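K.L.:
My questions will all concern the structure given below.
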Amino acid sequence: MFNKKKQPPIKSLIAQGSQISGNFMFTDGLRIDGSVVGNVRANEDGSSIVVISETASVVGEIWADQIIINGAVKGPIHASMMLELQPKARIEGDVHYTALEMHQGALVSGQLRPIVAGEEKPTLKLAANNA
């Protein structure tokens, strides 16, 4: 395995049948079985993991240390450590990663962009909702 460190616990769940509209920030681990329209970003304190199941869909950017995808994502993905694309993964957008595991059947419509050591990590600005 690429990373000898223990995976962070999954403490948050967006259940199947649920929909989040807006940006979502989390700590440790997040599992998405439902749908998110907005950016998904891990807090930068500690390690993080996002699991997107085959029933899930995300329209927006995803930022975390480890990302495992078996559902649909429309938007760029930023995995600072490891990205795993499982057989039913459907990605429309550029994929940024340090290490990549891509299973047979996974599809990416976008560019594969490895993160090179020393490359500056871009930041994502989440807009506050003033409504």
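Read-outs throughout are calculated quantities, based only on the coordinates presented, and are distinct from any laboratory measurement. Because the structure is predicted, anything quoted here is derived from the model rather than measured. Every residue, glycine among them, receives a Cβ derived from its backbone with ideal geometry; neighbour counts consider all protein chains shown.
K.L.:
Along each of the three principal axes of the Cα atoms of the stretch 10-112, give the extent in whole Å, ordering the values from largest to smallest.
P.N.:
Largest first, the stretch 10-112 extends 30, 28, 19 Å along its Cα principal axes.
K.L.:
While we're on this one: What ranking, highest mean first, results for peptides 63-69, 83-89, 18-24 when packing means the other Cβ atoms within 10 Å averaged over each residue?
P.N.:
On the way: 63-69: 24.1, 83-89: 19.9, 18-24: 14.1.
Highest-to-lowest ranking by the protection proxy: 63-69, 83-89, 18-24.
K.L.:
How high is the relative contact order of the chain, given as a whole-number percent (alpha carbon pairs under 8 Å, six or more residues apart)?
P.N.:
15
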